[in-house]
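What follows is a short report on a single structure.
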Amino acid sequence: MHELPIVTRLLDGVEAHARERGAARVVAVNLAVGEKAGLVDDSLRFYFDMLTPGTVADGARLNVRLTPMRFRCAGCASEYSPSGADFGCPECGAVGQVVDEATDLRIESIEMAS
């Protein structure tokens, strides 16, 4: 249920951006959502579809791309995404430091039509 206020704010931003650009309608909104953000992509789409009728985004698609956690290896400095509960570097086995907790949500792009 916490997706509802998130989608409400998201849609406010999308509408403002479309107005600034003089777009007649929004065709798609492309999101990057961290796998640890605690958001359910189906819930995001449900609320998006519920809130968009009568707006510039009426009929638009909400595309959600999940982004994984990222680590930097303390031993060899490579970056990797852990696999399951294994936080070891796939190159050398050392456990790295978190560089991206994958808890964010960001708009990657908005597709608009005139």
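May I ask you to derive the relative contact order of the chain, considering only C-alpha pairs under 8 Å and at least 6 residues apart, and to give it as an integer percent?
In percent, rounded to a whole number, it is 36.
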* Might you tell me the accessible area per residue for region 17-73, computed with a 1.4 Å probe and given in Å²? => 53 Å²
* Asked: How large are Rg and Dmax for the chain when only the alpha carbon atoms are used, in Å?
  -> 17.7, 54
* Asked: What share of all Cα pairs of region 44-100, in percent, falls into each consecutive 5 Å distance bin?
  -> 4, 19, 19, 10, 6, 7, 9, 10, 10, 5, 1
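The values are calculated or read from the model by the stated rules, or taken from the named source; none is laboratory data. Here the structure is a predicted model, which means the values were calculated and not measured. Heavy atoms of the whole protein, side chains included, go into the accessibility calculation; ligands, DNA and RNA do not. Shrake-Rupley method; radii C 1.70, N 1.55, O 1.52, S 1.80 Å.
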